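J.: Here it is, the structure, as structure tokens.
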Amino acid sequence: MTASVISAGPIPGTGRAAQGAIELRQVSKHYGDVVAVDELDLTVQPGEFVTLLGPSGSGKTTTMMMVAGFEEHTGGAILIDGKPVDTLPPRDRNLGVVFQNYALFPHMSALENVEFALRMRKVPRAERRQRAEEALDRVGLGKMGGRKPRQLSGGQQQRVALARALVFNPAALLLDEPMAALDKRLREQMQEEIKTLQKGLGISVLFVTHDQDEAMAMSDRIVVMRDGKIVQSGPPEEVYNHPMTDWVASFLGDTNLIPCTIVERNGEEAVVDLGGLGMAKVRDRGANGENYAVSIRPEHLKFRTRVSAGNGCAATLVSSTNLGATVRHRLTAGGHDLQLRELSSDSVAGIRPDEELWVGWDADKAQLLVLES
Ligand SMILES: Nc1ncnc2c1ncn2[C@@H]1O[C@H](COP(=O)(O)OP(=O)(O)OP(=O)(O)O)[C@@H](O)[C@H]1O
Ligand SMILES: [Mg+2]
């Protein structure tokens with residue numbers, strides 16, 4: 001693992017505990033006929049890392065711009081630390097912001113770029129320099145303050161943008177796809193560094209991504225958005241393992257969706273008829289609709305021996321593909337195509353296409369959901 005270059009610690013010269021509660025109440029944004037954000041209810045607790053996850057055009061940036069104060073909302077109210085901010089200009093909202101296309105001033109050095117945030121806030125010159133240097137140190141760029149943006153790599157520029165967002169000791173950070181321009185390795189490194197920094201400072205973060213792995217890795221809570229609305233929110237594991245709709249299930253990764261009819265619902269559990277796959281006990285979150293399915297992630301489907309208790313069915317292997325760390329098996333069972341994924345190290349050697357097998361899953365890993373699409 002790469003060593004972290006961003007150091008976390010108390011915010012220099014302040015001794016202040018970070019606050020940063022953000023609350024959106026029924027917030028909407030209409031551009032003429034376009035409803036970009038539709039009556040959004042959202043809270044970020046002090047110190048919490050909340051991620052807006054959704055496809056392109058789902059209203060993530062618009063939401064961030066309204067919280068930051070660069071766009072006016074057309075309905076509802078936005079509160080920061082309990083106070084309405086509707087009439088506050090961006091610089092008085094005490095939020096550090098890294099935009100989707102974070103633009104550094106090309107004619108200014110890294111240090112001047114960071115200082116600029118303090119100049120805007122009328123911090124005296126001597127203090128400005130010192131605080132900007134400390135902020136660059138914090139993101140591991142202490143020695144590069146004199147360089148212009150074009151003399152820095154994409155990852156380094158991204159760190160300057162982060163230093164600029166942190167330098168005035170904001171109550172919360174708004175980060176809109178800050179790592180979109182970075183390659184996978186650097187991205188993962190920055191994810192860890194931002195997480196370390198956030199935990200160390202106890203600062204709240206509202207983060208935007210359309211990358212589900214990034215959302216899973218970083219968030220205390222994921223808020224899934226679609227067409228300007230929240231479709232589900234919760235801790236990453238919960239949203240991933242217990243999606244309410246097929247759309248959420250598919251947006252968060254590969255899944256097996258098996259249409260079903262409900263036989264019985266008892267609070268958190270339901271008994272369903274999976275057609276050719278027989279009856280099964282599954283998790284129920286109470287989603288209601290016209291058509292239902294059960295979602296089972298490929299990694300939760302397991303090869304079993306026929307005598308195993310619990311949910312399961314006979315299956316025929318169609319193909320196996322080694323993907324490096326994992327092996328993907330395609331199967332048919334009861335007229336359905338299924339995907340089973342296992343770690344290469346756990347993979348049973350010698351199973352052949354057309355072989356009759358038995359697959360099963362734990363009831364708490366099978367989620368009853370509503371078929372929307
Ligand atoms: N100034 C504008 N005028 C009209 N429509 C706009 C304007 N800004 C955004 N929209 C629309 O609002 C919707 C939400 O846009 P937004 O930029 O918030 O999406 P996003 O979730 O950030 O997408 P992406 O992942 O592509 O960044 C889109 O349909 C977009 O076309
Ligand atoms: Mg956006």
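The values are calculated or read from the model by the stated rules, or taken from the named source; none is laboratory data. On a predicted model such as this, the values are computed, not experimentally measured, just so you know. Here Cβ is always computed from backbone atoms with ideal geometry, including for glycine, and neighbour counts include all displayed protein chains. Heads up: the accessible areas ignore ligands, DNA and RNA and are worked out on the full protein's heavy atoms, side chains in. Shrake-Rupley method; radii C 1.70, N 1.55, O 1.52, S 1.80 Å.
J.: Past the 18 angstrom mark, what percentage of all C-alpha to C-alpha distances in the stretch 255-370 do you count?
T.: More than 18 Å apart: 48 percent of the Cα pairs in the stretch 255-370.
J.: Counting alpha carbon pairs within less than 8 Å and at least 6 residues apart, what relative contact order, in whole percent, applies to the stretch 137-286?
T.: Across the stretch 137-286, relative contact order equals 12 percent.
J.: Quick check on the stretch 154-193: what does the Kirkwood estimate of hydrodynamic radius come out to from the alpha carbon pairs, in Å?
T.: One decimal place: 10.7 Å for the Kirkwood radius.
J.: What is the dipole size for the chain, taken about its Cα centre, with +1 at each Lys and Arg Cβ and -1 at each Asp and Glu Cβ, in debye to the nearest 20?
T.: Approximately 1780 debye in magnitude.
J.: Which listed residue (324, 296, 312) has the Cα farthest towards the positive end of the charge dipole for the stretch 255-370, taking +1 on Lys and Arg C-beta and -1 on Asp and Glu C-beta about the Cα centre?
T.: Ranked along the dipole, the leading option is 324.
J.: Restricting everything to alpha-carbon atoms, can you work out Rg to Rh for the stretch 22-239 with a Kirkwood hydrodynamic radius?
T.: Using only Cα positions, Rg/Rh for the stretch 22-239 is 0.96.
J.: Which of the lysines could be linked to residue 281 by a straight reach, that is with a Cα gap under 30 Å, when you skip same-chain ones fewer than 8 residues away?
T.: 302, 365
J.: Percent of accessible area on the stretch 255-370 owned by carbon and sulfur, 1.4 Å probe?
T.: 48 percent
J.: Right, another one. Among 206, 335, 139, which residue has its Cα positioned farthest towards the positive end of the charge dipole of the chain, with +1 placed on the Cβ of Lys and Arg, -1 on the Cβ of Asp and Glu, and the dipole taken about the Cα centre?
T.: Result: 139, furthest along the dipole toward the positive end.
J.: Let me know the shape class of the stretch 114-179, please: from the alpha-carbon gyration tensor, a ≥ b ≥ c as square roots of the eigenvalues, rounded when a/c is under 1.5, otherwise prolate if a/b is greater than b/c, or oblate.
T.: It comes out oblate by the Cα gyration axes.
J.: Using all alpha carbons of the stretch 8-129, what is the percent of pairwise distances in each 5 Å bin, ordered from the shortest bin to the longest?
T.: 2, 9, 16, 20, 19, 15, 11, 6, 2, 0
J.: Moving on to the next point. Quick one: compute the contact order of the chain, relative version, from alpha carbon pairs under 8 angstrom and 6+ residues apart, as a percent.
T.: Across the chain, relative contact order equals 17 percent.
J.: Let me see the pair-distance distribution of the chain: every alpha carbon pair, 20 Å bin width, integer percents in order.
T.: The distribution over the chain is 26, 46, 24, 3, given as percents.
J.: Ordering 164, 119, 125, 352 from largest to smallest accessible area (1.4 angstrom probe), what's the sequence?
T.: Descending accessible area places them as 125, 352, 119, 164.
J.: On a 0 to 90° scale, report how tilted helix 184-201 is relative to the longest principal axis of the chain, with both axes built from alpha carbons and the result rounded to the nearest 10.
T.: Roughly 70 degrees between the two axes.
J.: I've got another one for you. If you count only protein heavy atoms and use a 1.4 Å probe, how large is the accessible surface of residue 338, to the nearest 10 Å²?
T.: Surface accessible to solvent at residue 338 totals approximately 10 Å².
J.: Something else now. What whole-number value in Å² describes the accessible area per residue of the stretch 255-370 for a 1.4 Å probe?
T.: About 51 Å² of surface per residue is accessible.
J.: Whole-Hz ³J(HN,Hα) for each residue in the stretch 78-85, computed from phi via Karplus 6.51 cos²θ - 1.76 cosθ + 1.60 with θ = phi - 60°, x for glycine and proline: what do you get?
T.: Per-residue couplings from phi come out as 10, 10, 10, 6, x, 10, x, 10 Hz.
J.: Restricting the calculation to Cα positions, tell me the Rg (one decimal) and the Dmax (whole number) of the stretch 157-268 in Å.
T.: In order Rg, Dmax, the Cα atoms of the stretch 157-268 give 17.1, 58 Å.
J.: Using a cut-off of 9 Å between beta-carbons, work out the net charge of the residues near residue 329 (Lys and Arg +1, Asp and Glu -1, residue 329 not included).
T.: Charge balance in the 9 Å sphere: +2.
J.: Now a separate question. Could you sort the peptides 320-333, 58-71 by per-residue average Cβ neighbour count (10 Å cutoff), highest mean leading?
T.: Packing order, densest peptide first, comes out as 58-71, 320-333.
J.: If the label point is 7 Å along Cα→Cβ of residue 254, which residues in the stretch 333-366 have backbone nitrogen under 16 Å from it?
T.: 333, 337-348, by backbone N distance to the label point.
J.: Would you kindly derive the ³J(HN,Hα) couplings of the stretch 286-300 from the backbone phi angles with the Karplus curve 6.51 cos²θ - 1.76 cosθ + 1.60 (θ = phi - 60°), listing them in order in whole Hz, with x for Gly and Pro?
T.: x, 5, 10, x, 8, 10, 10, 8, 10, 9, 10, 5, x, 7, 9
J.: OK, next. Return the carbon/sulfur percentage of the accessible area of the stretch 22-239, one whole number, probe 1.4 Å, all protein chains in place.
T.: Here it works out to 48 percent.
J.: Distance from the Cα centre of the stretch 320-373 to that of the stretch 196-254, in angstrom?
T.: 25 Å
J.: Averaged per residue, what accessible surface does the stretch 22-239 expose to a 1.4 Å probe, in Å²?
T.: Here the per-residue accessible area is 44 Å².
J.: Something else now. How about residue 184: which lysines have a C-alpha closer than 28 Å to its C-alpha, ignoring those fewer than 8 places off in the same chain?
T.: 60, 143, 148, 195, 199
J.: Moving to a separate point now. Near the amide H of residue 256, under 5 Å away, which other amide H atoms are found, from residues 5 or more places off or on another chain, if H is placed in the peptide plane?
T.: For residue 256, whose amide H was placed from the backbone, the distant partners under 5 Å are 296, 297.
J.: Roughly how many debye, to the nearest 20, is the charge dipole of the stretch 255-370 about its Cα centre, given +1 on each Lys and Arg Cβ, -1 on each Asp and Glu Cβ, and no other charges?
T.: Result for the stretch 255-370 is approximately 220 debye, rounded to the nearest 20.
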